[in-house]
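Below you'll find the structure, written out as structure tokens, and then a few comments.
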Amino acid sequence: MFTVRDDEPDYAFLEKKQHKDKNQYGKLIELVEKSSALAGQSLNINNDPAVGDNPDRYKQHGFHFTADNCIACHACEAACSEKNDNPPHLSFRSVGYVEGGTYPAFKRLNISMACNHCDNPVCLKGCPTRAYTKFAEYGAVLQDPDICFGCGYCTWVCPYNAPQLDPIKGQVSKCNMCVDRLEVGLKPACVSACLGGALEFGVVENTPKNREQAKITLPGFPTNEITHPNIRFQQVKSLPREMTRTDSIPIKYHKDNKSKQYKPIVDTKKGLTRHWNLDKLHSREDPLVIFTLITQAVIGAFILLTGGSLLGIDPISQITQSKAYLPLLFGMLAIETFALVLSTMHLGKPHRFYRAFNNLRYSPVSREVAGVAVFFNCLAGHIFFTLLYGYFSTYTLLQTFAQLCAYLGIITGPIALYFMHKIYRIPARPYWNHWQVLTAFYGNMLTLGSILTAMVMLPFFRYDAAIYHPLLNITTLGIILGLTLETIGHIFHARDLRQQGGEGSASYYEQSTKFGYTWISRNILLILNLITVSVLSMLSITSLYIWYLVFISIILTAIVSRALFYVLVIPTTMPGAFFWKNKGFQEHARETGLANMPQVGVVPDTH
């Protein structure tokens, strides 16, 4: 148990007072009845089986932040990092700020934020390894770094930037509410260290002494509707109608006349000039660019080949009955294996990949991994039984098994892509949270699957002196359908981003400025590719040189489009400072070599 000092000051101890029955979201504050079997269990802090005697042990606790009192001394950050022995590039609690007005009426609002131990912890539901647990003790959401394999998905879904991915250790860790201190009646380290009396802690909805407000909103604080966070605010001093961020995210906060709340809107502080920024298309998610595109292509090609054969489509039946069929399937299996290995190496702890199946009940990551794994085995099973049937054709049961694997692959492939798309339907990332993700993934399945089939089989047909025009017609139909589906999604996506405001509109702003020329070029190529394929198909052009140029153009467009998908997303996260928790400064530190100085708090190379 945590050792209490003899000279521990009074302000470091938790207050004992009456509490309300429910919080502002209608959730019970008393998490476990005293007669429950869960009561009296040990948290095994430092392997100590003792149970704390805190009388409020089974009540939901939370932070209270008085923004008017915060002086941005960062003592809370320092105390938290010292207690948790964090390296310079990690901080479970961060102090950012927004500012507004003009001299001499310039005002700044500081915000100290850590994990809010929410009623609806999306990090817990999203984690594929089940590294998170919401405890009845204090309502703490705790995470075990030893279980985590470093996918970072919890950092995507959390609106408050609470989980911290350490690219050096390859694992996530976060604020643990200092439950060891709570067990002996002490407040968390950050609260005890606060110089301005801005941070308080206790049973949620209990307003601290000398405080009159327990609001659930604050300028710069993301929407509480996603997770119902257990933090309350006081902010009584008047603020300008508009507050801006000093980090690189193009967002500012405007006071709504009706609700009197500050709403995020686009801040065009970077100007309206378009740029290419091709060198900034890469990100930590580059392996996912390749993984998603290859998986969609392989699923599309498998459905085209096996589905077309089962339906008796002549050009496809020619392929499945030719000597090139098995080599094509082996090639598809090989590139899908490469994609899976690439996605596994993207993890902080690749050797723990098997833990991805641990949370099938809640995590879309677990479901995607399971879906892709089932499809992969259907593909491998179809190859295996088809190969055996080639040697032992008298055993018709082998052919039946091959067909069964084909049927299952046709079913599980699109299901796997549906689960893949669900990974990105994240309320905390509005740029992704749109049905366009599904149209893009299924569109690429049709387009790239048809291209993969055509690029391999057309030369074979030509070499074998077979007529390949019918196959070209089938594959171009798939390409046209896929490109059309993707184009429709992009049109509505851009329209909705412009209209919705907030971080979604900010992503659109960066899309049309920072990557403006790249984005416009992508759109032009998408339309040109669609028109070119349609015209070539209508004119019955069969020149492989022309078709291969078109195929390469479509593939490059898909790669650029998927890269934009990952770099443009802007999360509904807390404001940073000019140097701290600022993506723009992190890029500058890596470019100039500042990141090589540990005290800067920026890792030179991300995982």
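The values are calculated or read from the model by the stated rules, or taken from the named source; none is laboratory data. What you see is a predicted model; the values in this text were computed from it and never measured. A quick note on method: Cβ atoms are made from the backbone with ideal geometry, for glycine too, and the neighbour counts reach across all protein chains shown.
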It is to be established whether one or more residues within region 333-342 are in contact with a Pro (Cβ under 7 Å, 6 or more places away or on another chain), in a helix (DSSP H, G or I) and within 30 Å of Thr400 (Cα to Cα). no
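Yes or no: region 412-423 includes at least one residue that is part of a loop (DSSP other than H, G, I, E, B), β-branched (Val, Ile, Thr), surrounded by fewer than 18 Cβ atoms within 10 Å (Cβ to Cβ) and in the same structural domain as Gln500 (by TED's automatic domain parsing).
The answer is no, given that none of the residues of region 412-423 is part of a loop (DSSP other than H, G, I, E, B), β-branched (Val, Ile, Thr), surrounded by fewer than 18 Cβ atoms within 10 Å (Cβ to Cβ) and in the same structural domain as Gln500 (by TED's automatic domain parsing).
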Which residues, taken from region 242-261, are among the hydroxyl-bearing types (Ser, Thr, Tyr) and either touching a residue at least 12 places away in the same chain (Cβ under 8 Å) or assigned by TED's automatic domain parsing to the domain that holds Gln586 (or both)? Thr244, Thr246, Ser248, Tyr253
Any chance Gly489 is surrounded by fewer than 20 Cβ atoms within 10 Å (Cβ to Cβ), part of a helix (DSSP H, G or I) and small (Gly, Ala, Ser): no
Identify the residue in region 492-548 that is at positive phi and assigned to a loop (DSSP other than H, G, I, E, B) and, among all such residues, is surrounded by the fewest Cβ atoms within 10 Å (Cβ to Cβ). Ser540
Look at Ile249 and say whether it is part of a loop (DSSP other than H, G, I, E, B) and under 30 Å from Ala563 (Cα atoms). yes
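Determine, yes or no, whether Phe330 is surrounded by 15 or more Cβ atoms within 10 Å (Cβ to Cβ), assigned to a helix (DSSP H, G or I) and of a type outside the set (Val, Ile, Thr).
Numbers: surrounded by 15 or more Cβ atoms within 10 Å (Cβ to Cβ): no; assigned to a helix (DSSP H, G or I): yes; of a type outside the set (Val, Ile, Thr): yes.
When the stated conditions are applied, Phe330 does not pass them.
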Selection count, region 65-89, where residues are over 26 Å from the mean Cα position of the chain (by Cα) and either under 15 Å from Lys237 (Cβ atoms) or assigned to a loop (DSSP other than H, G, I, E, B) (or both): 11
So Leu288, is it under 20 Å from His469 (Cα atoms), buried (at least 17 other Cβ atoms within 10 Å of the Cβ) and at pLDDT 95 or above: no
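Taking region 254-285 on its own, how many of its residues are within 24 Å of the chain's Cα centre (by Cα) and outside any loop (DSSP other than H, G, I, E, B)? Give the derivation first.
Of all residues in region 254-285, those within 24 Å of the chain's Cα centre (by Cα) come to 263-267, 277-285.
Within this subset, residues satisfying the condition of being outside any loop (DSSP other than H, G, I, E, B) are 263-266, 278-280.
Final tally of qualifying residues: 7.
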When the residues of region 8-55 are filtered to those that are part of a loop (DSSP other than H, G, I, E, B) and in contact with a Lys or Arg (Cβ under 7 Å, 6 or more places away or on another chain), which remaining residue is farthest from Arg232 (Cα to Cα)? Pro55
Only one residue in Phe460, Phe492 is closer than 30 Å to Gly413 by Cα, of a type in the set (Phe, Trp, Tyr) and out of contact with any helix residue (DSSP H, G or I) (no Cβ under 8 Å at 6 or more places or on another chain). Which one? Phe460
Subset of region 262-283 that is exposed (fewer than 15 other Cβ atoms within 10 Å of the Cβ) and in contact with a strand residue (DSSP E or B) (Cβ under 9 Å, 6 or more places away or on another chain) - its residue that is farthest from Leu472 (Cα to Cα): Lys263
Of everything in region 460-474 that's in a helix (DSSP H, G or I) and out of contact with any Phe, Trp or Tyr (no Cβ under 9 Å at 6 or more places or on another chain), which residue is farthest from Leu417 (Cα to Cα)? Tyr463
Note on Tyr391: of the conditions (1) closer than 24 Å to Met332 by Cα; (2) at pLDDT 95 or above, unmet is (2)
Considering every residue within region 60-83, establish whether at least one is over 30 Å from Arg245 (Cα atoms) and surrounded by 14 or more Cβ atoms within 10 Å (Cβ to Cβ). yes
Selection within region 127-143 - on the phi < 0 side of the Ramachandran plot, in contact (Cβ under 8 Å) with a residue 60 or more places away in the chain and over 19 Å from the mean Cα position of the chain (by Cα): Phe135, Ala136, Glu137, Ala140
List every residue pair whose Cβ atoms sit under 7 Å apart, with the two residues 6 or more apart in sequence or on different chains, where the first one lies in region 582-607 and is assigned by TED's automatic domain parsing to the domain that holds Val95 and outside any helix (DSSP H, G or I) and the second, anywhere, is buried (at least 18 other Cβ atoms within 10 Å of the Cβ) and at pLDDT 90 or above. none
